[in-house]
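Q: A single structure is presented below for examination.
Derivation of every value follows stated rules applied to the coordinates shown; laboratory data play no part. In this text, all values refer to a predicted model and were calculated from it rather than measured experimentally. A quick note on method: Cβ atoms are made from the backbone with ideal geometry, for glycine too, and the neighbour counts reach across all protein chains shown.
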């Protein structure tokens, strides 16, 4: 029995992690849930969807008592906060999976340039393993610190990775156009995420400056054998609660038909339990993956412009967050990678 502690368990990502773990075989047991906002309150009263599944209470965080209670900590806290907790937790001999962006990037300078904050535990950045199993499965198994990928990068990387790995597309002109539900912004509403401002409304934001840009570039550059990849990334908020659809435009450097590209994707992902390559003329949709850990990938080659249009749909709180954490925890502790995650999406 692996005892899991979740720091910040009452937020969207943390509560979704609790939902996935409630469906687990029991080899991962929730032993601690912290929440500064709801400390002392019953989990099921704050998260009524978990009524009958978790009867314990949220607790305040006591960093020094973790070793006696858990085997692994999941940090479901914002960036800048995670980096202040992780070193003390790792020093206790515990393993850590971090939801935040604090350890996703390979160096402090890049982090500080995009997140406008000093990194206070930069020495851990090189130790962290980027938690995308489709790329780093073997490294995740033995990692002490796993940096869970961002939701937008997960969809963009999985959409583009096979063609980038093949060397079949130009690496200096990749365009990523992503649409996301508003839950990605967290539970506290802002002017952009307040429902009356989003209903029947679609808006782009942080064009050319979104913090997930260097993460996408870093990982696609690694796929391209350390050749620099540059992307233009434009995220949009759409009037739905959850889900991401990323459309990635890439210029082909070799002749390829839609059938050829789909065959390449099929071979690349044939052993991946949570990436579903759709057949010709079938395109990903967010409803198909709602509430799940699946990523649906589809594509079309535009022969007139010699571009491939690759699409990926994920649930931003599933494969884009909590589902990926469970997948990583399963790998880290030698469990079946799919345990707790073989749940289809919800339609309609």
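Q: Taking the Cβ-Cβ separation of residue 165 and residue 202 as r and a Förster radius of 22 Å, what is the calculated FRET efficiency to the nearest 0.05?
A: Efficiency, from the Cβ-Cβ distance: 0.10.
Q: Per DSSP H run of n ≥ 4, the term is -39500 (n - 2.57); total these for the chain, divide by its residue number, and report the mean residue ellipticity at 222 nm rounded to 500 deg cm²/dmol. Mind dumping the intermediate values first?
A: Values: 10 runs with 94 residues, N = 348.
Calculated mean residue ellipticity at 222 nm is -8000 deg cm²/dmol.
Q: Here is a further query. For segment 2-127, compute Rh as the Kirkwood radius over C-alpha pairs and then the Stokes-Einstein diffusion coefficient at 4 °C and 1.567 mPa s; write the answer in µm²/s, rounded to an integer.
A: Calculated translational D: 85 µm²/s.
Q: Okay, next question. Given labels modelled 7 Å from the Cα in the Cβ direction, how far is it in nm from residue 29 to residue 113?
A: 4.7
Q: Any chance you could check the Cα centroid distance between segment 202-267 and segment 63-103 for me, in angstrom?
A: Taking the Cα centre of segment 63-103 as reference, the centre of segment 202-267 is 30 Å away.
Q: Using only the alpha-carbon atoms of segment 219-344 as identical scatterers, what base-10 log of I(q)/I(0) does the Debye formula give at q = 0.12, 0.15, 0.18, 0.21 Å⁻¹?
A: Each listed q corresponds, in turn, to -0.53, -0.82, -1.13, -1.35.
Q: Between rounded, prolate and oblate, where does segment 208-260 land on the alpha carbon gyration tensor, with a ≥ b ≥ c its root eigenvalues, rounded for a/c under 1.5, else prolate if a/b exceeds b/c?
A: Oblate.
Q: Among (1) 197; (2) 123; (3) 135, which is the computed volume of the Cα convex hull per residue in Å³?
A: Given (1) 197; (2) 123; (3) 135, the calculated one carries the label (3).
Q: If one takes the longest principal axis of the Cα atoms in the chain, at what angle in degrees, from 0 to 90 and to the nearest 10, does the Cα axis of helix 323-332 lie?
A: 70
Q: Once a ≥ b ≥ c are taken as the square roots of the eigenvalues of the Cα gyration tensor of segment 152-316, is the result rounded (a/c under 1.5), prolate (a/b larger than b/c) or oblate (a/b not larger than b/c)? The partial results should precede the final answer.
A: Values: a/c = 1.93, a/b = 1.53, b/c = 1.26.
Because a/c hits 1.5 or more and a/b exceeds b/c, segment 152-316 counts as prolate.
Q: Under a point spin-label approximation (7 Å from Cα along Cα-to-Cβ), what is the residue 303-residue 209 distance to one decimal in nm?
A: 4.3
Q: Quick check: pseudo-label points 7 Å beyond the Cα along Cα→Cβ at residue 41 and residue 287, how many nm apart are they?
A: Computed distance between label sites residue 41 and residue 287 equals 3.3 nm.
Q: Angle check, please: helix 12-22 long axis (alpha carbons) against the longest principal axis of the chain (alpha carbons), in degrees 0 to 90, nearest 10.
A: Between the helix axis and the principal axis of the chain, the angle is about 80 degrees.
Q: Can you tell me how much longer the chain between residue 271 and residue 194 gets when fully stretched, taken as 0.36 nm per residue apart minus their C-alpha distance, in nm with one decimal?
A: 23.7 nm
Q: Another one. How much length, in nm to one decimal, is gained on full extension between residue 127 and residue 3, taken as 0.36 nm per residue of separation minus their Cα-Cα distance?
A: Gain on stretching residue 127 to residue 3: 42.3 nm.
Q: Further question on the same structure: Quick one: if the Förster radius is 51 Å, what FRET efficiency do residue 64 and residue 342 give, using the C-beta to C-beta distance and rounding to 0.05? Don't skip to the end; give the middle numbers.
A: Details: r = 37 Å, r/R0 = 0.73.
The computed FRET efficiency comes out at 0.85.
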